[in-house]
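Below is one structure; the comments refer to it alone.
Taken together, the values in this text are just the output of simple stated rules run on the coordinates, not laboratory data. Here the structure is a predicted model, which means the values were calculated and not measured. We place every Cβ from the backbone using ideal geometry, glycine too, and count neighbours over all the protein chains shown.
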Amino acid sequence: MANGAIAFQNTQNRRRQILEDIKTDGFVKTSALSEKFNCSEVTIRTDIRELATAGLLKRTHGGAVAIDAVETPLLETKTISKFVAEKQRITKTAFEYINSGDTILLDDSSTSYYLSLCILAHPEKKIVVVTNGIASAYELTNAPHVELHVVGGYVGGQNSGHLAATLGDSAIETIQSFHVDKGFIGVHSINFDVGLTSIATPQMQIKRAIISSSKSLFVLADHTKFENSYLSVVCPISTDFTIITDSGIDSSIKENADSIGLNLLVV
């Protein structure tokens, strides 16, 4: 086979895999694809541009998302495109803790949204999902392996740069009426002295309700969420929690967590 034909075939195979990755995860990142395929980011950007021109994906800053994802305003938020590769690693690990037959609670965080994409991509696990996250509910609506319960309440969050969610007293009461196997929440910050904190009271109240309604709790937080703190304290840090973060975390934070008996997983 001539060199030109081989190069063309390699390009086509790479682009097919990019589309498969988007189908599975909902998003791809240029830097991660460059590493995966052992090629330059310029090459990946060319692939993404060509696939976008063909109407097969939508370009974003630093990567691309599925066409279906951008046809809805549900994902028009900066948080969805920050630290995507890290969030994908975190949620793939979190998904390993979900068993077929489980009942789970997902909050409205962007990391929980990526977990919903993992759930969607794995029909072999039949589960019950309760969520106040509108984007997560949208993704799971037609998943035959998911019994979906969408929490009621007023819709908020989207005007402050977060994913749209159901919030307020009705949402809290609905969540508290469930008792699930596992709860999954994102947080704005984790401070070992202060605890889990949130940037706003409505989201803080939802996270508290999820914690109280879950037998086991998983905190999903990328490496930027440590050591800072915000006004609304969700709860103190507990050794009963499983905290999952990415390898960008400072080694001193991991050492501190180990010293006080926290279950901190670095992926």
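Let me know the number of lysine pairs in the stretch 80-266 closer than 19 Å at the Cα, not counting same-chain pairs under 8 apart.
Close lysine pairs found across the stretch 80-266: 18.
How would you order 84-90, 104-110 from highest to lowest mean count of nearby Cβ atoms within 10 Å?
Numbers: 84-90: 23.6, 104-110: 27.6.
The packing order, highest mean first, is 104-110, 84-90.
Could you work out the local net charge near residue 171, counting Lys and Arg as +1, Asp and Glu as -1, over the other residues with Cβ closer than 14 Å to its Cβ?
Values: positive: 207, 208; negative: 107, 108, 169, 173.
Net charge around residue 171: -2.
How big is the antiparallel share of DSSP beta bridges in the stretch 80-266, given as a percent to the nearest 5?
Numbers: 10 of 36 bridges.
Rounded to the nearest five, the antiparallel share is 30 percent.
Can you compute the charge dipole magnitude of the chain about its Cα centre, using +1 on each Lys and Arg Cβ and -1 on each Asp and Glu Cβ, nothing else charged? Give it in debye, rounded to the nearest 20.
Details: 23 positive and 29 negative charges, 130 e Å.
For this selection, approximately 620 debye.
Order these peptides, 218-224, 260-266, by their mean beta-carbon neighbour count within 10 angstrom, highest first. Provide the component values of the computation, followed by the final result.
Details: 218-224: 22.1, 260-266: 15.6.
In descending order of packing, they fall as 218-224, 260-266.
Report the net charge of residues surrounding residue 18, where surrounding means a beta-carbon distance below 14 angstrom and charges are Lys +1, Arg +1, Asp -1, Glu -1.
Numbers: positive: 14, 15, 16, 23, 29, 36, 45, 49, 58, 59; negative: 20, 21, 25, 35, 41, 47, 50.
With Lys, Arg at +1 and Asp, Glu at -1, the net is +3.
Looking at the stretch 174-267, I'd like the Rg to Rh ratio, where Rg is from alpha-carbon atoms and Rh is Kirkwood's inverse mean 1/r.
Details: Rg = 12.8 Å, Rh = 13.3 Å.
Value, to two decimals: 0.96.
Counting other C-beta atoms within 10 Å, which of 59, 208 has the fewest, and how do the rest follow?
Values: 59 16, 208 20.
Fewest-to-most Cβ neighbours within 10 Å comes out as 59, 208.
As I understand it, the dipole of the chain uses +1 on the Cβ of Lys and Arg and -1 on the Cβ of Asp and Glu, about the Cα centre. Which of 115, 54, 196 lies farthest toward its positive end?
In the chain, that residue is 54.
Sort 94-100, 136-142 for me by packing, meaning the mean count of neighbouring Cβ atoms within 10 Å per residue, highest on top. Could you put the intermediate results ahead of the total?
Numbers: 94-100: 15.7, 136-142: 19.4.
In descending order of packing, they fall as 136-142, 94-100.
Can you tell which of 30, 179, 231 lies farthest toward the positive end of the dipole of the chain, using +1 and -1 charges on the Cβ of basic and acidic side chains (Lys, Arg; Asp, Glu)?
It is 30, whose Cα lies furthest towards the positive end.
For every other residue with a beta carbon closer than 13 angstrom to the beta carbon of residue 146, add +1 if it is Lys or Arg and -1 if Asp or Glu, then tell me the sum. Kindly include the intermediate steps, with their values, before the conclusion.
Values: positive: 125, 126; negative: 102, 124, 139, 147.
After counting each charged neighbour, the total is -2.
Which one, (i) 20; (ii) 25; (iii) 14, gives percent of Cα pairs over 32 Å apart as derived from the coordinates shown?
Computed from these coordinates, percent of Cα pairs over 32 Å apart corresponds to label (ii).
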